[in-house]
Amino acid sequence: MANQYVEAINKLGFDGIQIDQMGDFWGNVDYYDYSGNKIDLANSFSTYVNDIKDKLTKNNSEKNLVTMNAVNGAVYPNDRFSSRDIIKNSNTDFQFSEIWQHCSSYNDLKNYIDWQRKNDGGKTMVCAAYMNQYDNIGTS
């Protein structure tokens, strides 16, 4: 993937990369690598992000912006997956989180952003919030 990100920077002129993931979509399941070894996926994203940041910086230090979606952003124990690792350990330029079911009120969102700022040195947080995700607005 790092080579693909570098190619996107070089050929398409992007300033950086936004990395995405599925969050804890599958619930409490075990994850395995290609060889069948169990991996702690939720606590491995920061290593991946930091590797991508290093590769982009070596390629072009002026076009090396990186962020990763901390899906379902919420303060533990509501977030049981990857936000903690991404926020605390990733060398991102700013934080990004799609806000789904784990932040069901404005106070939950405020608590998440306050927690994020305390744990990453106060980086900017971009939130994608889908306010009416469960509303039935009729047939199309």
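The values are calculated or read from the model by the stated rules, or taken from the named source; none is laboratory data. What you see is a predicted model; the values in this text were computed from it and never measured. Positions of Cβ are generated from backbone atoms using ideal geometry, with glycine treated the same way; all protein chains shown enter the neighbour counts. These accessible areas exclude ligands, DNA and RNA; they are computed on the full protein's heavy atoms, side chains included. Shrake-Rupley method; radii C 1.70, N 1.55, O 1.52, S 1.80 Å.
Going from most exposed to least, what order do 22, 68, 125 have by accessible area with a 1.4 Å probe? Please list the in-between numbers first.
Details: 22 100, 68 0, 125 25 Å².
Highest to lowest solvent-accessible surface, that is 22, 125, 68.
Under a point-charge model restricted to the Cβ atoms of Lys and Arg (+1) and Asp and Glu (-1), what is the dipole moment magnitude of the chain relative to its Cα centre, in debye to the nearest 20?
On the way: 13 positive and 18 negative charges, 66 e Å.
Dipole about the Cα centre, nearest 20: 320 debye.
Cross-link candidates for residue 55: which lysines have Cα within less than 18 Å, leaving aside residues fewer than 8 places away along the same chain?
Filter leaves 11, 63.
Suppose the chain between residue 15 and residue 127 were pulled fully straight at 0.36 nm per residue; how much longer would it get relative to their current alpha carbon spacing? Don't jump to the answer; show the numbers that get you there.
On the way: separation 112, 0.36 × 112 = 40.32 nm, distance 1.97 nm.
The span from residue 15 to residue 127 would gain 38.3 nm if fully extended.
If the cut-off is a Cα-Cα distance under 18 Å, which aspartates and glutamates reach residue 118, setting aside same-chain residues fewer than 8 apart in sequence?
Partners within reach: 79, 85, 93, 108.
Could you work out the mean projected area of the convex hull around the alpha carbons of region 74-119, in square nanometres to one decimal? Working shown, then result.
On the way: hull surface 12.1 nm².
For region 74-119, averaging the hull's shadow over all directions gives 3.0 nm².
Could you pull out the chymotrypsin sites (Phe, Trp or Tyr not before Pro) across region 1-91 that fall in loop regions by DSSP (anything but H, G, I, E, B) with no more than 11 other Cβ atoms inside 10 Å? Walk me through the intermediate numbers first.
On the way: sites: 5, 14, 25, 26, 31, 32, 34, 45, 48, 81; in loops: 14, 25, 26, 34, 81.
Within region 1-91, the qualifying chymotrypsin sites (Phe, Trp or Tyr not before Pro) (loop, at most 11 other Cβ atoms within 10 Å) are 25, 26, 34.
Ignoring ligands and nucleic acids, what accessible area does residue 11 show with a 1.4 Å probe (Å², nearest 10)?
150 Å²
Springs between alpha-carbon pairs under 10 angstrom, Gaussian network model over the chain: which of 46, 97, 105 fluctuates most?
105
Write down the percent of antiparallel bridges among all DSSP beta bridges whose residues are both part of the chain, to the nearest 5. Write out the running numbers ahead of the final one.
On the way: 2 of 12 bridges.
Just about 15 percent of them are antiparallel.
Would you mind telling me which residue in 16, 121, 36 has the biggest mean-square fluctuation in a Gaussian network model of the chain, where springs connect alpha carbons within a distance under 10 angstrom?
Most flexible of the set in this elastic network: 36.
Inverting the mean 1/r over all pairs of different Cα atoms, compute the Kirkwood radius of region 1-99 and quote it in Å.
Details: mean 1/r = 0.0702 Å⁻¹.
Mean inverse Cα-Cα distance, inverted, gives 14.2 Å.
Would you compute, from DSSP H runs of 4+ residues alone, the mean residue ellipticity of the chain at 222 nm, taking -39500 (n - 2.57) per run and dividing by the full residue count, rounded to the nearest 500?
Numbers: 4 runs with 48 residues, N = 140.
Theoretical 222 nm ellipticity from helices: -10500 deg cm²/dmol.
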